[in-house]
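What follows is a short report on a single structure.
The values are calculated or read from the model by the stated rules, or taken from the named source; none is laboratory data. This is a predicted model, so every value here is computed, not measured. All Cβ positions, glycine included, derive from the backbone under ideal geometry; neighbour counts span all protein chains shown.
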Amino acid sequence: MEILKALCHHIFMIDICKTYSIEQTLNTGKSLLKTAGIESFDLDAKVLLSYVLGMESYELISHANTEVPLKLYHHYMKLIKRRANSEPIAQITKFKEFWSLPFKISKKTLIPRPDSETIIDAIKSEFKDKNFSYKILDMGTGSGCLLLSLLSEFKQAFGIGIDIQSGAVKTAKQNSKILSFDNRSIIIKQDWHKPKPNKKIISNKFHIIISNPPYITTNDMKTLDKDVKKFEPQKALFGGRDGLDEYRAISQAIYNWNILEKNGKIFLELGKGQENDVKKIFEAFGFKFEKYFKDLSGIIRVIEFSKK
């Protein structure tokens, strides 16, 4: 709290008539974030200044002596204050890159993470024909990053994304339109705990079903980083006491809705160490375990199932 007060004091004591160069502005941003205990202070200060000025990071160096308009300087300092309060960069800029695509995010969606790209890699390794008209279902689509990334890889595929949060549905629809996939995708508000799904779902058989469900346990929720716990949607994180509630619900939904193609596959993101429990849950509903996929850190991150 004292650090934030100091930052506020600095921001409001700025000489309203003084001008600052890009280099001076950047150094101030770095210093304030470092003082606030932000480990990535250097990178974050650059990203935020690039965002405010509409420049690439490398241009900050080549234009180091360029004067920053005072209005933009004040705007930058406001964003620095937000980051100093642990608000994630992606929430501040409302943007996150995933699978080399730009995704709009909101406070109702999780911030896409590199680990989740393991699902895309896994599916590409299992489905070799990029020109086949696969049908894909994304359960808990959030920003739509998984579904839309797959549509970017499989040019003839069609996808449906579902989410219980109206805000997430809105954001995913926006991303679908921005990325020009709205002609090959439908985003629907749907609760997979309910026995009767939307007719657009039940009328299809899907070749690929994916999900990155909430899987954080009660104990792990207590130890989450401040930027995650405070600024990302709890419903998209918390998976019940053991972190497995939504895997149970998803397995039952896929079984009851009878929506998996004969040769279709299910791909699920996992929390660390959850692979055996999730395997048992899906096998109890008659699904066949196929294989695990590890992320870049060597952690089992994705599990694959098929019909028996």
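Residues GLY264, GLY271: which one is closer than 24 Å to PRO112 by Cα and either touching a residue at least 24 places away in the same chain (Cβ under 8 Å) or aliphatic (A, V, I, L, M) (or both)?
On inspection, the qualifying residue turns out to be GLY271.
Of LYS199, LYS230, LYS177, which residue is within 23 Å of PRO88 (Cα to Cα) and assigned by TED's automatic domain parsing to the domain that holds THR109?
LYS230
Would you tally the residues in segment 67-124 being of a type in the set (Lys, Arg) and within 13 Å of the chain's Cα centre (by Cα)?
Result for segment 67-124: 6.
Given (1) over 17 Å from LEU137 (Cβ atoms); (2) over 17 Å from the mean Cα position of the chain (by Cα), identify the lone condition not met by GLY239.
(2)
Please give the number of the condition LYS124 fails out of (1) out of contact with any Asp or Glu (no Cβ under 9 Å at 6 or more places or on another chain); (2) part of a helix (DSSP H, G or I); (3) basic (Lys, Arg); (4) assigned by TED's automatic domain parsing to the domain that holds SER176.
Failing condition for LYS124: (1).
Is there a residue in segment 282-289 that is part of a strand (DSSP E or B), farther than 25 Å from ILE164 by Cα and modelled with pLDDT of 95 or more?
Yes, segment 282-289 contains at least one residue that is part of a strand (DSSP E or B), farther than 25 Å from ILE164 by Cα and modelled with pLDDT of 95 or more.
Do we find a residue being under 25 Å from the mean Cα position of the chain (by Cα), on the phi > 0 side of the Ramachandran plot and either modelled with pLDDT of 95 or more or not acidic (Asp, Glu) (or both) anywhere in segment 27-40?
Yes: segment 27-40 contains one or more residues that are under 25 Å from the mean Cα position of the chain (by Cα), on the phi > 0 side of the Ramachandran plot and either modelled with pLDDT of 95 or more or not acidic (Asp, Glu) (or both).
For segment 101-124, state whether one or more residues are acidic (Asp, Glu), over 28 Å from LYS272 (Cβ atoms) and surrounded by fewer than 20 Cβ atoms within 10 Å (Cβ to Cβ).
Checked against the condition, which is being acidic (Asp, Glu), over 28 Å from LYS272 (Cβ atoms) and surrounded by fewer than 20 Cβ atoms within 10 Å (Cβ to Cβ), segment 101-124 yields no hits at all.
Kindly indicate the residue of segment 71-91 that is in contact (Cβ under 8 Å) with a residue 40 or more places away in the chain and in contact with a Phe, Trp or Tyr (Cβ under 8 Å, 6 or more places away or on another chain) and also surrounded by the most Cβ atoms within 10 Å (Cβ to Cβ) among those meeting that condition.
Taking the candidates together, the pick is TYR73.
Return the only residue of ASP191, ASP220 being more than 19 Å from GLY144 (Cα to Cα), in the same structural domain as LEU151 (by TED's automatic domain parsing) and under 22 Å from the mean Cα position of the chain (by Cα).
So the residue among ASP191, ASP220 that is more than 19 Å from GLY144 (Cα to Cα), in the same structural domain as LEU151 (by TED's automatic domain parsing) and under 22 Å from the mean Cα position of the chain (by Cα) is ASP220.
LEU296 - would you say it is closer than 30 Å to LYS199 by Cβ and of a type outside the set (Gly, Ala, Ser)?
no
Restricting to segment 94-115, name every residue that is among the hydroxyl-bearing types (Ser, Thr, Tyr) and closer than 18 Å to PRO214 by Cβ.
Across segment 94-115, the qualifying residues are SER106, THR109.
Mind checking which residues of segment 254-270 are β-branched (Val, Ile, Thr) and either touching a helix residue (DSSP H, G or I) at 6+ places or on another chain (Cβ under 6 Å) or in a loop (DSSP other than H, G, I, E, B) (or both)?
ILE259
Within segment 150-186, how many residues are among the hydrophobic types (A, V, I, L, M, F, W, C) and closer than 18 Å to TRP257 by Cβ?
The number of residues fulfilling the criteria is 5.
Of all residues in segment 153-190 being polar (S, T, N, Q) and surrounded by 16 or more Cβ atoms within 10 Å (Cβ to Cβ), which is nearest to ILE136 (Cα to Cα)?
Checked segment 153-190; the qualifying residue nearest to ILE136 (Cα to Cα) is SER185.
Would you mind finding the one in GLU246, GLU232 that is under 16 Å from the mean Cα position of the chain (by Cα) and crowded, with 19+ Cβ neighbours inside 10 Å?
GLU232
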